[in-house]
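This report refers to the structure that appears directly beneath it.
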Amino acid sequence: MSRTPITLITGPLGSGKTTLLRHILAIHPAKIAIVMNEFGEIAIDTKVIEGKNVRIAELETTGLAEPEALVFNIQEALPQCRLDGVISVIDADMLVRFPELGHTTRLQIQGADILLLNKVDLVEPAQIEPLETKLHKINPTAAIVRTDHCRMDPELLFGIPQLREKKVSPPKHRHHLEFEWFTFSSKKTLSRDCFERFADSLPGAVIRAKGFVRFADGAHLFNFVVGRWDLEPFESDSTELVFIGKKIAAEKSAILCALDECTEPDDK
């Protein structure tokens, strides 16, 4: 019996993985099953992409983000599937602002069949080719596709020709988790002006934040990546946020207090 093909989407925090999934689901007619590896107790990404043509399950990988470890975990947990290919989403803007690559990011680039160089609209045109040269030095064989908001033909992501039928061995070692996280949940309505000031003043230790924020004029999806953030109208009956970063435990109390201060007076 033929095994179901599975495509692994990986990449650094905030690079655009969920955006890519939403794009695929919006224009690809086939029913798709998604196995998620999420940060934190609130499954934000699951809530963002779930829908009538999607079935979602969570993969217990204790936060692993390295392709080799994920591939092994998939093969062990889903023997009825075969790996079709590995897609790594890379944030062009982050690569320009923070050129030093971490261990996990380098592995995500090395392990890819296709590299999506995303957010090219946020960098100067002259900066793109040097970024591609840098990526090719790390992974000479991967195809590089430039994208803006991960908009691309999804057919490029399926049926990737590659030689991955060999059994992947367990990773020789495990690295300590690089990131910590905490969450905030509330049924109360927040002031939009206050929240925007809050987003502008998040400390540098916060690398990624995401979730839903309930304002008087409706709920919004909040996306924050190293100082850059946006809000998008989205249905939710509560505020649910996840904050991810390095050594952010010291910032937790101040961040949660600042969010409480954004509660609308009538809701306090």
Answer yes if at least one residue in the stretch 245-254 is of a type outside the set (Lys, Arg) and touching a Lys or Arg at 6+ places or on another chain (Cβ under 8 Å), and no otherwise.
yes
State which residue is surrounded by the fewest Cβ atoms within 10 Å (Cβ to Cβ) when the search covers only the stretch 90-100 and only residues that are under 17 Å from the mean Cα position of the chain (by Cα) and either assigned to a helix (DSSP H, G or I) or free of Cβ contacts under 8 Å to residues at least 12 places away in the same chain (or both).
93
Qualifying position, being assigned to a helix (DSSP H, G or I) and surrounded by 20 or more Cβ atoms within 10 Å (Cβ to Cβ), among 87, 109, 128
109
Of all residues in the stretch 225-244 being in a strand (DSSP E or B) and within 15 Å of residue 184 (Cα to Cα), the one that is most open to solvent (accessible area, probe 1.4 Å)
240
For residue 13, are the conditions met, namely being in a loop (DSSP other than H, G, I, E, B) and modelled with pLDDT of 80 or more?
yes
Does residue 250 count as open to solvent by 20 Å² or more (accessible area, probe 1.4 Å), modelled with pLDDT of 90 or more, in a helix (DSSP H, G or I) and closer than 14 Å to residue 199 by Cβ?
no
For the stretch 16-34: of the residues being assigned to a loop (DSSP other than H, G, I, E, B) and small (Gly, Ala, Ser), which is most open to solvent (accessible area, probe 1.4 Å)?
30
Filter the stretch 187-223 down to residues that are touching a residue at least 40 places away in the same chain (Cβ under 8 Å) and farther than 18 Å from residue 260 by Cβ and give me whichever is surrounded by the fewest Cβ atoms within 10 Å (Cβ to Cβ).
205
Given (1) more than 19 Å from residue 14 (Cβ to Cβ); (2) out of contact with any helix residue (DSSP H, G or I) (no Cβ under 9 Å at 6 or more places or on another chain), number of the condition residue 97 does not satisfy
(1)
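The values are calculated or read from the model by the stated rules, or taken from the named source; none is laboratory data. Bear in mind the structure is a predicted one, so any value in this text is a computation, not a measurement. A quick note on method: Cβ atoms are made from the backbone with ideal geometry, for glycine too, and the neighbour counts reach across all protein chains shown. In case anyone asks, the SASA skips ligands and DNA or RNA and just uses the protein heavy atoms, side chains included. Shrake-Rupley method; radii C 1.70, N 1.55, O 1.52, S 1.80 Å.
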